[in-house]
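Reading through the structure tokens given below for one structure.
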Amino acid sequence: IPIGQAEFITTAVKPSGYPPPGPPEVAFAGRSNVGKSSLINTLTRRKKLVRVSGTPGRTQHINFFSINQDAIRLVDLPGYGYAKVPKAIRAAWRPMVEAYLSGRDTLAAVVVILDIRREPTGEDLMLLDWLRSLQITVLAAVTKADKLSNNQQASRLAKLRPTLAPFDPTPTLFSASTGQGREELWARVCEAAGV
Ligand code: GDP
């Protein structure tokens, strides 16, 4: 489905701050600086729906966005894994995300974003395992594809595939710079949400 309207609903740190459950939600997760904000903006064809932050790891909130008169919602989960984030903030990540993942009945899928040039970290793999144990659909998006040539992209994807296969057998190559993978990822998001 084409994206018409896209708007910010609210920001929350705990369930009492979430908007009342409505349409299916697809959440986005990844390491700080992986390109999550850029991916959401590209996906929704908005330049600044999500603020691309200069200081990674600062935003420890869950942000809710409404698409197409609330046909579907996109949920921006806080990034993880940034070394310079204070311990207390790092420690708050898991309970905040866990409350959302395990308690949100309208959650349809989580897009897990990886950088094409990097090996998935222990934290990436822990998140993937965690989502699987909660039986939440994973859509893997391998972003910053534009940083590599087409040949390099293909060989990196071939390398990543076995690691990702248990969670998502068909990861999407993505680039916020070129728009590569936008249509594919959006189609997968809509399919997972049943819209
Ligand atoms: P977040 O912290 O995960 O939300 O990451 P951001 O979206 O803020 O992006 C982090 C940095 O990576 C910024 O400097 C972006 O301009 C850059 N970036 C994000 N996506 C891409 C991409 O697809 N290609 C390239 N070349 N750079 C990207």
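Just so it is clear, none of the values below were taken in a lab; they were calculated from the coordinates. The shown structure was predicted, so the numbers you read here are calculated from the model rather than taken from an experiment. Cβ: placed from backbone, ideal geometry, glycine included. Neighbour counts: every protein chain shown.
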Over 23 Å (Cα to Cα) - which of Lys36/Lys84; Lys48/Lys87; Lys47/Lys84 fall in this group:
Lys48/Lys87; Lys47/Lys84
With each label point set 7 Å from Cα along the Cα-Cβ vector, what nm distance links Ala158 and Leu125?
2.2
About the Cα centre of the chain, how large is the charge dipole given +1 on each Lys and Arg Cβ and -1 on each Asp and Glu Cβ? Please answer in debye to the nearest 20.
760
Among 32-42, 151-161, 180-190, the order from most to least packed when residues are scored by Cβ within 10 Å on average
32-42, 180-190, 151-161
Plugging the Cβ-Cβ distance of Gln5 and Asn150 into 1/(1 + (r/R0)^6) at R0 = 41 Å yields, to the nearest 0.05, a FRET efficiency of 0.75
First obtain the Kirkwood hydrodynamic radius of the chain from its Cα pairs, then insert it into the Stokes-Einstein equation at 20 °C and 1.002 mPa s, and state the resulting D in µm² per second as a whole number.
128
When Lys and Arg each count +1 and Asp and Glu each count -1, what net charge do the other residues less than 12 Å away from Gly122, Cβ to Cβ, add up to?
-3
Relative contact order for the chain, counting Cα pairs under 8 Å that sit 6 or more residues apart, in percent
25
Would you please name the trypsin sites (Lys or Arg not before Pro) within region 57-95 that are DSSP coil residues with at most 15 other C-beta atoms within 10 Å of their C-beta?
Arg58, Lys84
As a test, work out the antiparallel percent of DSSP beta bridges whose residues both lie in region 6-193, rounded to the nearest 5.
35
Give me the net charge of Phe28's neighbourhood, meaning all other residues with Cβ under 13 Å from the Cβ of Phe28; Lys, Arg count +1, Asp, Glu -1.
+2
Dividing the mean separation of Cα pairs under 8 Å (6+ apart) by the residue count of region 32-112 yields a relative contact order in percent of 23
